[in-house]
1. Pick out the one residue from ASN4, ASN17, ASN69 that is out of contact with any helix residue (DSSP H, G or I) (no Cβ under 7 Å at 6 or more places or on another chain) and modelled with pLDDT under 95.
2. Would you check if there is a residue in the stretch 16-30 being among the hydroxyl-bearing types (Ser, Thr, Tyr) and within 14 Å of the chain's Cα centre (by Cα)?
3. Does the stretch 44-71 hold any residues that are outside any helix (DSSP H, G or I) and either touching a strand residue (DSSP E or B) at 6+ places or on another chain (Cβ under 8 Å) or exposed (fewer than 10 other Cβ atoms within 10 Å of the Cβ) (or both), and which are they?
4. Of everything in the stretch 1-21, what is surrounded by 10 or more Cβ atoms within 10 Å (Cβ to Cβ) and either assigned to a loop (DSSP other than H, G, I, E, B) or in contact (Cβ under 8 Å) with a residue 40 or more places away in the chain (or both)? Give them in sequence order.
5. Considering only the stretch 22-37, how many residues are exposed (fewer than 13 other Cβ atoms within 10 Å of the Cβ) and part of a helix (DSSP H, G or I)?
Amino acid sequence: MDLNLRKAILNNISENNAEQLEATIVDAVQSGEEKMLPGLGVLFELIWQQATDEEKDHMIDILEEGIKNAT
């Protein structure tokens, strides 16, 4: 069976509005379930692809700080 996880995730959220997208992200993060990681990865990929270089630098700074605080 050929399963394209990225396509399936995008199909599942294609009709979502901003509020629903936020709820999806919050739920995935709060649940802490490993099965949610691929979906978050696809969402991050979309954000990254649309971001300017300045926004990408800012995200990396936030990520770096988050990693420092998590360890």
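The values are calculated or read from the model by the stated rules, or taken from the named source; none is laboratory data. Note that the structure is a prediction, hence the values are computed from the model and not measured. A quick note on method: Cβ atoms are made from the backbone with ideal geometry, for glycine too, and the neighbour counts reach across all protein chains shown.
1. Details: ASN17 fails: modelled with pLDDT under 95; ASN69 fails: modelled with pLDDT under 95.
Just a single option satisfies the conditions, and that option is ASN4.
2. Filtering the stretch 16-30 down to residues among the hydroxyl-bearing types (Ser, Thr, Tyr) leaves 24.
Now restrict to residues that are within 14 Å of the chain's Cα centre (by Cα): 24.
Yes, the stretch 16-30 contains a residue that is among the hydroxyl-bearing types (Ser, Thr, Tyr) and within 14 Å of the chain's Cα centre (by Cα).
3. Step one: of the stretch 44-71, the residues outside any helix (DSSP H, G or I) are 51-52, 71.
Within the stretch 44-71, THR52, THR71 qualify.
4. From the stretch 1-21, those surrounded by 10 or more Cβ atoms within 10 Å (Cβ to Cβ) are 5-13, 16, 20-21; that's our starting set.
If the condition is that a residue be surrounded by 10 or more Cβ atoms within 10 Å (Cβ to Cβ) and either assigned to a loop (DSSP other than H, G, I, E, B) or in contact (Cβ under 8 Å) with a residue 40 or more places away in the chain (or both), then ASN16 is the only one that fits.
5. Step one: list which residues in the stretch 22-37 are exposed (fewer than 13 other Cβ atoms within 10 Å of the Cβ), which gives 22-23, 26-27, 29-35, 37.
Within this subset, residues satisfying the condition of being part of a helix (DSSP H, G or I) are 22-23, 26-27, 29-31, 34-35, 37.
Here the count works out to 10.
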